[in-house]
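The values are calculated or read from the model by the stated rules, or taken from the named source; none is laboratory data. Because the structure is a prediction, the values reported are computed rather than measured. Every residue, glycine among them, receives a Cβ derived from its backbone with ideal geometry; neighbour counts consider all protein chains shown.
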């Protein structure tokens, strides 16, 4: 984590100069820092609430107080390509509830796709407000929605797996596992469940353009919050598509380029981007790094017999 932060800061210093960067960051008032903290807690809280909704839909009777530690610990391994390290949360659930991964794999898919859809919603709304890429923005939302609808009905996916098995004639156990996983995943992509998750995620991610706008305001630059939403969402989507750990470097670059394209001075764009990414990427990862050893100690050798007795809606 420290190396990634250092690389981003080194690039920022190279672009705008150390003196200017420090001067801009030094203009962030204590009130601004408090706002950053509040926004980060709001965003993480909404994502955690969405996680709880998905877990409950799988029939696992989790305790919000206990689950929070394991959820935060997942941020500690977020610096992996496509944030695959966050699948550690699935391992925590398996250790505590003794359930197979075929029941849990849909959690990661629903969580990631919900975030992507939330970004697209923010991008579409912001683009509409700024009259930029209006048709493309709204049409892009169809991609994750169509994917979710495809998963809701498991029969086509299972039919494809059956056809593949008929052709290959091997790996029977693997194909059986995938069929069960698709059936379980369909529970999380029912419209009522998935759209609830998207709504919660979108509300949570609204905190990011708020901080981006507030950071620019601290530097004496007025910027449309809706346009800030489009810029931030575009950077987040680019970072995710790049498969870089946490989108580091890519998200920041895209966000700075977009801000400059909308007449924000380069030094202010870099400083505001750093403040925003620190708030919503690096601080949660730092919390995760601290939480991870505690979560591992608690879950090690834990079989949670009382929790494992909860009835499940899927198998």
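Of all residues in region 273-303, which are loosely packed, with under 14 Cβ neighbours inside 10 Å and modelled with pLDDT under 90?
297, 300, 301, 302, 303
Confirm whether residue 257 is surrounded by fewer than 20 Cβ atoms within 10 Å (Cβ to Cβ) and in contact with a helix residue (DSSP H, G or I) (Cβ under 9 Å, 6 or more places away or on another chain).
Details: surrounded by fewer than 20 Cβ atoms within 10 Å (Cβ to Cβ): yes; in contact with a helix residue (DSSP H, G or I) (Cβ under 9 Å, 6 or more places away or on another chain): yes.
For residue 257, the condition - surrounded by fewer than 20 Cβ atoms within 10 Å (Cβ to Cβ) and in contact with a helix residue (DSSP H, G or I) (Cβ under 9 Å, 6 or more places away or on another chain) - is met.
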>> Going through 167, 187 one at a time, which residue ends up being at pLDDT below 85 and closer than 16 Å to residue 113 by Cα?
In response: 187
> List, please: which pairs have Cβ atoms under 7 Å, are six or more places apart or on different chains, and start with a residue in region 79-99 that is at positive phi and at pLDDT below 85 and end with one that is outside any helix (DSSP H, G or I) and buried (at least 18 other Cβ atoms within 10 Å of the Cβ)?
Replying inline: 83/246
> Just to be sure, is residue 36 within 17 Å of residue 277 (Cα to Cα), buried (at least 16 other Cβ atoms within 10 Å of the Cβ) and more than 15 Å from the chain's Cα centre (by Cα)?
Replying inline: yes
> Among (1) touching a helix residue (DSSP H, G or I) at 6+ places or on another chain (Cβ under 8 Å); (2) closer than 24 Å to residue 202 by Cα; (3) modelled with pLDDT under 90; (4) in a helix (DSSP H, G or I), where does residue 65 come up short?
Replying inline: (1)
>> With touching a helix residue (DSSP H, G or I) at 6+ places or on another chain (Cβ under 6 Å), at pLDDT 90 or above and either crowded, with 23+ Cβ neighbours inside 10 Å or under 30 Å from residue 30 (Cβ atoms) (or both) as the only criterion, which of 204, 247, 235 stands out?
In response: 204
> residue 182: part of a helix (DSSP H, G or I), more than 16 Å from the chain's Cα centre (by Cα) and modelled with pLDDT of 90 or more, yes or no?
Replying inline: no
